[in-house]
Amino acid sequence: MRIVAIPVKALGRAKRRLAPALSPLERAALALAMLEDVLDACLGHPGWETWVVSPDEAVLEVAAARRARVVAEEEGPLGRAIRQVERLAAESEAEALAIVPGDLPTLTSEALGRALHTVGPVVLAPSADGVGTSMLLRRPPRCIPSRFGPDSFERHRALAAAKGLPVAVVREPALAFDVDRPDDILRLLGTDDPGRARGVAMELDLAQRLRTRSQGGS
């Protein structure tokens, strides 16, 4: 068994850095839309199961409706949720575990497929700034510990080096782009991406609102 796991925060805590620009309901709608986009990319890869781990019932309902395996998060934050998935993966005797964030609105099945088929015990996709980790793939799932957070890309590389494990780096723009700040939404709206997240941003008229807000604050 091989697993793609998507950790998702409770919707009430989702995308707090967007709070000055979006209401809680708008942030929740955007977070759910991005999850659906990520599920579109993750589901359907032969030999891979898609798991969604979250404490949020709405998130788990969306995942279950898409026929992903749902994992009710026992205890946050992110690091503990991932360790929960690692434990379940070990109990299932999984041979590979990929951790993919739920906020990659332009992720495609093709881009993810190329990453999943990259050979090596540790496969990393860096975030757009090159500091974070947008995907961590391990064969087996616990060959190195996960260390998401500040400087996680270099920390994952160092952990692999300490164990003498080669690291393959995958640079896929669709894997690197997440939405955390208002400028990220404007960047998403500037693409021709057909995903749900861009559609929600358009329905909320976020381009005009965010530009007006930016001009008002200048």
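The values are calculated or read from the model by the stated rules, or taken from the named source; none is laboratory data. Fair warning: this is a prediction, and the values are worked out from it, not measured in the lab. For neighbour counting, all protein chains shown are included, and Cβ atoms are generated from backbone atoms with ideal geometry for every residue, glycine included. To get the accessible areas, we keep the full protein, side chains included, count just its heavy atoms, and leave off ligands, DNA and RNA. Shrake-Rupley method; radii C 1.70, N 1.55, O 1.52, S 1.80 Å.
Structure values in brief
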| item | result |
| --- | --- |
| Residues within segment 41-79 that are assigned to a helix (DSSP H, G or I) and open to solvent by less than 70 Å² (accessible area, probe 1.4 Å), tallied | 9 |
| Unmet requirement for S152, which otherwise passes all of (1) more than 30 Å from R211 (Cα to Cα); (2) touching a residue at least 60 places away in the same chain (Cβ under 8 Å) | (2) |
| Tally of residues being open to solvent by 50 Å² or more (accessible area, probe 1.4 Å), of a type in the set (K, R) and within 13 Å of the chain's Cα centre (by Cα) across segment 1-40 | 1 |
| Close pairs from segment 77-95: first within 13 Å of L136 (Cβ to Cβ), partner among the polar types (S, T, N, Q) and assigned to a loop (DSSP other than H, G, I, E, B), Cβ under 6 Å, at least 6 apart | I82/S146 |
| Of all residues making up segment 129-149, the number that are within 18 Å of R2 (Cα to Cα) and touching a residue at least 60 places away in the same chain (Cβ under 8 Å) | 2 |
